[in-house]
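Chemist: Handing you this structure, nothing more for now.
Bear in mind these aren't lab numbers, they're just calculated from the coordinates by the rules spelled out. Predicted model, so just to flag it, every value in this text is computed and none were measured. Because the Cβ atoms are built from the backbone with ideal geometry, glycine has one as well, and the counts that use them run over all protein chains shown.
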């Protein structure tokens, strides 16, 4: 049994969650927020910012720790950390915001009509804010030396870094499209698949370009630390690769539809045909 006061409190909480809470002062009702869509969008942006924050904080933080403490984490440890934190945050916030954490992914989803265009600037802003806050936190926590710079810069030439970023970003979006937008995929494994893809990409391209795959991942540390060497590589490369990966997956999924329809039609005809 619940008291009348508890019932009223539960009703008020429910109205707040729906964005319809009201506060009375002297008989005059002041509407806090009358649009549930605004409340929902705000929750998504907060989740996206928090998710991006911890992806950058853990991934870039382990880079700093590895350098400052004599390579105790090791390069494989850095790769595993990136994969694990992305996987964890996908499972933590994916059901709220979609767990993009990447302006290139958000833009590509919008291009292929899987995300509303009007939310793109808001998501990108939340992602950049999360990256900036995480980078600032790392700078305040550690005495970051030039050798421990946790941003991304080409180790050799900008051209090689650009090619590497395009290829690994292509693979990332190809996997994301397969596990998160295709109804035939096993959605529960999306976090594992994307996290493992990040880990593998860092293994391969980390020594060449830093394996950014994400403009927000590179811009946050660059702005906080004031290092802008070849920063264009980490904007052009990920966006180009992610768009290409999304296009290719959507193309092969599109061409598979007629085949499936023909298979269904053939099965239906066999089921209604008279048996000999």
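Chemist: If packing is taken as the mean number of other Cβ atoms within 10 Å per residue, what is the order of 74-80, 97-103, highest first?
Modeler: Highest to lowest by the protection proxy: 97-103, 74-80.
Chemist: Given axes a ≥ b ≥ c from the Cα gyration tensor, I'd like to know whether segment 114-180 is rounded (a/c under 1.5), prolate (a/b larger than b/c) or oblate.
Modeler: oblate
Chemist: Okay, moving on. Once you have the Kirkwood Rh of segment 42-259 from its Cα pairs, apply Stokes-Einstein at 25 °C and 0.890 mPa s and quote D in µm²/s.
Modeler: The estimated diffusion coefficient comes to 143 µm²/s.
Chemist: Which distance in Å, rounded to a whole number, links the C-alpha centroids of segment 200-221 and segment 50-77?
Modeler: For segment 200-221 versus segment 50-77, the Cα centre distance is 13 Å.
Chemist: Quickly work out the residue 158-to-residue 74 label distance, labels modelled 7 Å from Cα along the C-beta direction, and quote it in nm with one decimal.
Modeler: If labels sit at residue 74 and residue 158, their model points lie 3.6 nm apart.
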